[in-house]
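Any read-out appearing in this document is the output of simple, stated calculations on the displayed coordinates, not a laboratory observation. All values derive from a computational prediction rather than experimental measurement. All Cβ positions, glycine included, derive from the backbone under ideal geometry; neighbour counts span all protein chains shown.
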Amino acid sequence: MNKNWYSIQVWAGLEEDIKQKMEKLLEEKGLREKIEKIFVPPPKEIEVIFSPEKQITQKFYSGYILLYGELDEGLKEEIKRIEGVLDIVGGDKLYIFRTEEVEKLISQLTVEEIKPKPRYQFMQGDRVRITEGPFANFIGIVDEVKPDKGKVKVLVSIFGRETPVEIEFAYLQKI
């Protein structure tokens with residue numbers, strides 16, 4: 001039997017636990033040579049809401065594990081019995097992924113830098129506090145919002161004069 005890539009649908013949030021259970025099962029049953037790789041897609045995107053204190057990590061491909069190996073009926077049933085495993089994608093007619101597809105997906109998920117994707121809640125005229133950088137703890141008024149750049153132009157008082165300062169969304173807190 002040839003080795004192929006398969007996708008296992010699991011309870012979201014338990015991917016790493018189920019991977020460990022799967023590896024333990026393979027060791028106990030002496031089936032380690034049948035499965036070469038088990039890959040859990042890592043967290044991919046961080047959204048910043050309002051300020052650095054409130055972050056949400058959102059997983060892409062949440063609820064899935066990729067598996068490379070030989071999947072016969074016996075092993076398929078053993079994997080399905082693991083608590084948290086919902087099914088193997090394709091059910092009775094297993095869906096086999098092309099190696100090129102999976103390798104491209106894995107390289108994108110593991111190589112790309114995780115970049116914050118800000119969700120801004122700032123509007124012109126809002127009072128804000130700058131939380132980091134050379135103007136940390138300054139309070140100012142939002143003059144202009146630049147969502148394409150992820151920045152806000154804030155008017156802060158420096159030596160008694162209104163001075164425009166461009167600050168990233170992540171370093172601002174509404175007050």
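Residues Phe122, Phe169 in ascending order of nearby Cβ atoms (within 10 Å, fewest first): Phe122, Phe169.
Across region 122-174, the relative contact order, built from alpha-carbon pairs under 8 Å that are at least six residues apart, equals 34 percent. Between Lys76 and Ile158, the distance separating the two model label sites (each 7 Å from Cα on the Cα→Cβ line) works out to 6.7 nm. Placing R0 at 45 angstrom, the Cβ-Cβ distance between Leu86 and Glu166 gives a FRET efficiency of 0.40 after rounding to 0.05.
Find the percent of Cα-Cα distances in region 122-174 that exceed 12 Å, and round it to a whole number.
I get 57 percent for the Cα pairs in region 122-174 exceeding 12 Å.
If you take all other residues with their beta carbon under 15 Å from the beta carbon of Phe138, and give Lys and Arg +1 and Asp and Glu -1, the sum is -1.
Treating r as the C-beta distance of Lys34 and Trp11 and R0 as 22 Å, the FRET efficiency rounds to 0.40.
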